[in-house]
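Worksheet: the structure to be examined is printed underneath.
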Amino acid sequence: MHKLLVDQPGEKKFLLGNEAIARGAIEAGVAFASTYPGTPSSEISLNFFQIARESDLYFEYSTNEKVALEVSAAAANSGLRSMCIMKHVGVNVAADALMTLAYVGIRGGLVILTADDPYMFSSQNEQDTRYYGKLSGLPILEPSSAQEAKDMVGYAFELSEALQEPVIFRTTTRLNHSTAPIIFGPVKLPETSGNFFKDPFNYVTVPAVSRNLHVKLLKHIEEAEQMACESAYNFITGEGRWGIICNGVSYNYVTDAVKDLNIIDKSRILRIGFSHPMPGQLIKSFLSKCEKALIVEEGEPYMEEAVKALAQEANLTLSIRGKDPALFSRLFEFDPAMVRKCIAAYFGVPYEAEMPADVSDIPDLPQRPPNLCAGCSHRATFYAVNKAAEGMETIRPTDIGCYTLGFLPPLSNGDFLICMGSSVGTSCGFSKATGKKVIGFIGDSTFFHSGIPGLINAVFHRHDLTLVILDNQTTAMTGHQPHPGVDMEGLNYPGYQQVSIESVVRGIGVEHVSVIKPYNVKKSIVAVKEAISHDGVSVIIARQNCTLFDKSFKRSVGRPFYVSDRCKNHRLCINELGCPAFYVENDRVRINSTLCTGCGVCAQICPEHAILPFKQK
Amino acid sequence: MDIKRLIIVAVGGQGNLLASKVLGEAACRLDVPVRMSEIHGMAQRGGVVESAMVFGDAVSTIISDGEADILLSFEPLEALRAIKKCNSRTVVITNISALPPFTASIGKGKYPDIDTIVQQLKSKVGQLIPLDAKALAKAAGNELSVNMVLLGALIETDILPVTPVSVEDAIRETTKKAFLDTNLKAFEAGRGAVREQIA
Ligand code: SF4
């Protein structure tokens, strides 16, 4: 039985925040879930994917976040408790659906989980999703710890059903990827058969209907604010006159800081866990008991703006600070010492910071950036494109996935990236605006997610570009999730129909389509040359399984290689491929045979034919 | 309960996530409050992976610069890179078997000499415990159990509120049966290496 399905209330397990959230949904009787994978949210859905195989839960990896939300919105409007999971930027993709779903509302509880990524550990921006609460009118809940997150999921479903609105459940990386002992509660059996009651004058959002629905939404927001004022997730600790208002993981840093600074009796902390609508009355009464107040929140001054406005409404003149050059920044994530220091500074508490070891005399250390795995087929594709386009002036937009790492030297493929699918749209623009040859890169999963409309645009407008679709049969970067192009039968998951990228591309009307096996270097270079000399839209599908994923099935490619003494030390292999299996020892190139997957790409480019496979054991 | 803060740094793929999981499970078994924070995702593709573990009565899950009580490093260069997490009392345990980053092989930066790394670490922290975890793992039967060797070394310092027995139990529960024997041997080897150094 899956570890998150065990129905043993009181049981304690050491769980990742994301696992705790999945468990919370199971305890709340979630019946339906959809997602598009995105770090730091991915492990929630990974667990649902496994759980769905052995329970009544319906789960799907949808093609993108908008589709995922629409799928879940329908389930929730059929009365099923549903959950839709995405990373913060995924909310942008889903936003069109989100904004009007707020008008329509739901019947069965719908929890939309977003994972923000302050500091951008694995994201392209650090947008603060709380503003989507303001924009859409939907309630927002924000837990501070993994245990609280688990418990709060149940509350989120109840709140959603009480208000008949989806609830946004906002988490951040440090919660998703923190691990702690979690105490299990009882499991609620899900209601799994949905029923949709037609009511077009409430469900079909033509203007006349939406005018009424917007009125309804505003009422719901008012009710929600009342609930926020009474919610146990907006709580106050301490009775001092130094007010601190905080949320999410910042609450943990504040809790530790007032203890470390010995000011528990002087402080009064308001932890906001129900942050949209902000609990107006509660905040006003809190402020009226404070001499001054500090707002501790990562990201944007979302609470600070609200708190300052509320103070003004209540005619309170106390000092309220948060984002301030001398205090907190809107940038990046917080940490315990930073919060301690700002609290001490603002309230005038003496404090001596711990002295970190002096690093001034440490020389510049060689960087260790993430790198494509040894044997990754993307490396071979990038190499082929570099060779095929040698001497040409090209622009190479890229996209989101492991292959984004190809922008680093020595492969240096990747000139522009803003969001999922942007490789294709920006290729269109660059080709028109500059007249230069444009070669875009997009992964298989990203192509299905949002690459297709861009490609249709390219064909329709007869743009001149080559799109390389890196098809490695999985969504590798986020932990090897399936996508519509994956052969699910082959992975032992029956009940799916594979969508062929090649047929999609041909169906769109791309004139020049070629499929390459990137491990076959010569043929690949020839095919890429042909594609880029084509005038108009050409597509290259570079198809080779993700080697890391294959490794996990013990489907290894071949025997590892070694560098024989034919090597003349040109180092083309290292300097042009940059495979991490290479290393230099006593000024000679060597291959780490535990890392080498036997793809044989380096052996094909070595001019001395010095790289040879080990004899069969 | 006293608060103890541990930072673990490693190179993606060295098995550090398993080591921290074992440690967390062990603390759980003893009802020691524990929280841990890790970064998953892109960094795991051969980049630096850092875990923070906080034992005892604190609720934060991350550790600020200068505030680690122990630094456990799976790789010497990464120990030096993580030194800003330490202060003059921190105990540093590091594997001295190097994994030069790719950048050094293509001539972007030079991997410092191990002796220099050791000297620099020593001069900045409370105590340095260097050991060749790779050799010890190999001797225990599996080069890949570097993580268990380092876990053994860590436990032997007796700084964290977890017992060797609880860690062994957690290893039994968490690691694959096929590797159990070598894992336990490697764990013991790590403990032995530290016992010698401390004695
Ligand atoms: S996980 Fe797969 S796709 Fe990603 S870098 Fe590794 S081999 Fe390449």
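Structural remarks
- In the condition set (1) assigned to a loop (DSSP other than H, G, I, E, B); (2) out of contact with any Lys or Arg (no Cβ under 8 Å at 6 or more places or on another chain); (3) within 15 Å of the ligand (Cβ to nearest atom); (4) assigned by TED's automatic domain parsing to the domain that holds A:Lys523, A:Pro369 is compliant with all but (4).
- Test: residue in the stretch A:537-548 that is loosely packed, with under 15 Cβ neighbours inside 10 Å and either within 32 Å of the chain's Cα centre (by Cα) or among the hydrophobic types (A, V, I, L, M, F, W, C) (or both): no
- Of all the listed residues (B:Ala153, B:Ala186, B:Ala139), the sole one being in a helix (DSSP H, G or I), open to solvent by 20 Å² or more (accessible area, probe 1.4 Å) and not β-branched (Val, Ile, Thr) is B:Ala139.
- A:Ala74 vs. criteria open to solvent by 30 Å² or more (accessible area, probe 1.4 Å), within 17 Å of A:Ala33 (Cα to Cα), away from chain B (no Cβ under 14 Å) and among the small types (Gly, Ala, Ser): yes
- Close pairs from the stretch A:467-481: first among the hydroxyl-bearing types (Ser, Thr, Tyr), partner within 11 Å of the ligand (Cβ to nearest atom), Cβ under 7 Å, at least 6 apart: A:Thr474/A:His480; A:Thr474/A:Cys546; A:Thr474/A:Phe549; A:Thr475/A:Ser445
Here is a yes/no grid of residues against (1) within 14 Å of chain B (Cβ to nearest Cβ); (2) surrounded by fewer than 24 Cβ atoms within 10 Å (Cβ to Cβ); (3) farther than 21 Å from A:Pro190 by Cβ; (4) out of contact with any Asp or Glu (no Cβ under 6 Å at 6 or more places or on another chain):
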position	(1), (2), (3), (4)
A:Asp7	no, yes, no, yes
A:Lys12	yes, yes, yes, yes
A:Val30	no, no, no, yes
A:Leu46	yes, yes, no, yes
A:Gln50	no, yes, no, yes
A:Ser55	no, yes, no, yes
A:Ala68	no, no, no, yes
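- Boolean, B:Ile83 is part of a helix (DSSP H, G or I), among the aliphatic types (A, V, I, L, M) and within 10 Å of chain A (Cβ to nearest Cβ): yes
- Exactly one residue out of A:Asp444, A:Asp399 is within 16 Å of the ligand (Cβ to nearest atom), under 21 Å from A:Asn125 (Cα atoms) and free of Cβ contacts under 8 Å to residues at least 60 places away in the same chain, and it is A:Asp399.
- Selection within the stretch B:39-80 - part of a helix (DSSP H, G or I), facing another protein chain (nearest Cβ under 10 Å) and in contact with a Ser or Thr (Cβ under 9 Å, 6 or more places away or on another chain): B:Met42, B:Ala43, B:Glu78, B:Leu80
- Residues satisfying the stated conditions in the stretch A:348-374, i.e. of a type in the set (Gly, Ala, Ser) and buried (at least 20 other Cβ atoms within 10 Å of the Cβ): A:Ala357, A:Ala374
- Checked against the criteria, A:Ala345 does not count as without any contact (Cβ under 8 Å) to a residue 24 or more places away in the chain, more than 16 Å from the ligand (Cβ to nearest atom), buried (at least 19 other Cβ atoms within 10 Å of the Cβ) and assigned to a helix (DSSP H, G or I).
The values are calculated or read from the model by the stated rules, or taken from the named source; none is laboratory data. On a predicted model such as this, the values are computed, not experimentally measured, just so you know. Methodologically, a virtual Cβ is constructed for each residue, glycine included, from the backbone with ideal geometry; neighbour enumeration extends over all protein chains shown. Remember, those area values only see protein heavy atoms, side chains included, never the ligands or the DNA or RNA. Shrake-Rupley method; radii C 1.70, N 1.55, O 1.52, S 1.80 Å.
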